[in-house]
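Here's the structure, in structure tokens; my notes come after.
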Amino acid sequence: MNERHRGSRTDRGAENGSDDEAAVSRFIERFAAQLVAAGMARMPARVFAALLSSEQGALGSAELGAQLRVSPAAVSGAVRYLTQVNLVSREREPGSRRERYRVQEDQWYSALLERDAMLRSWQATMREGVDHFGPDSPQGRRIRDTLDFFQFLETELASMMARWASRREQRLGG
């Protein structure tokens, strides 16, 4: 066998299938740990990493449960969270009552768009806080600083998202 192809997915024997599974598992757990460090709950992070690393970008509940060695209830709770934050969507398997969970197309872009709406909401609350406490009070100054930061983020995020959309379109040949 050619050295370059040794261990490739198509040339591996059954005994090496576990090597691939172990590598996938390591990726899932490593990326999930990074997501947890960034503030995501552990089970949604693991489910998201598993979906992201799946060949089709979609898996059923039983497949996720088996791969992650968790209960259907754990998968269900994780998927519920991931759909709420627009990282995953649910779809029916054709001809079946079973659902599959799919990583959203350009999921990070969608998630950041949701954050943009949240920033605008937070800004409204910060304005109310500045009005209530007064711009010269210690609280008002802290809240105004937070408002200024959120306004900065909103402006930069809009510009960054436009640049990403253009870059992605060029990369995809559209």
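Miscellaneous remarks
- Note on Kirkwood radius over Cα pairs in Å: of the candidates [x] 16.3; [y] 19.5; [z] 18.7, the value calculated from this structure sits at [y].
- Separation in nanometres of the label points that stand 7 Å from Cα toward Cβ, at Thr155 and Arg168: 2.5
- Rounded percent of accessible protein surface that carbon and sulfur make up, the chain, 1.4 Å probe: 51
- The simple Förster model, with R0 at 41 Å and r as the Cβ-Cβ distance, assigns Val24 and Glu128 a FRET efficiency of 0.30.
- For segment 87-135: accessible area per residue (Å², 1.4 Å): 70
- Charge dipole (the chain, unit charges on Cβ, about Cα centre) - positive-most of Leu87, Ala162, Ala73: Ala73
- Charging the Cβ of each Asp and Glu at -1 and of each Lys and Arg at +1, and nothing else, the dipole of the chain about its Cα centre rounds to 240 debye.
- Values of log10 I(q)/I(0) for segment 119-174 across q = 0.20, 0.27, 0.29 Å⁻¹ run -0.68, -0.94, -1.00, by the Debye formula with one identical scatterer at each alpha carbon and no solvent.
- Residue-averaged [θ]222 nm for the chain, counting only DSSP H segments that reach four residues, each worth -39500 (n - 2.57): -23500 deg cm²/dmol
- Span from the segment 109-142 Cα centroid across to the segment 26-81 one, whole angstrom: 33
The values are calculated or read from the model by the stated rules, or taken from the named source; none is laboratory data. No experiment lies behind these values; they were computed from the predicted model shown. Positions of Cβ are generated from backbone atoms using ideal geometry, with glycine treated the same way; all protein chains shown enter the neighbour counts. Just the protein is used for accessible areas: all its heavy atoms, side chains included, with ligands, DNA and RNA removed. Shrake-Rupley method; radii C 1.70, N 1.55, O 1.52, S 1.80 Å.
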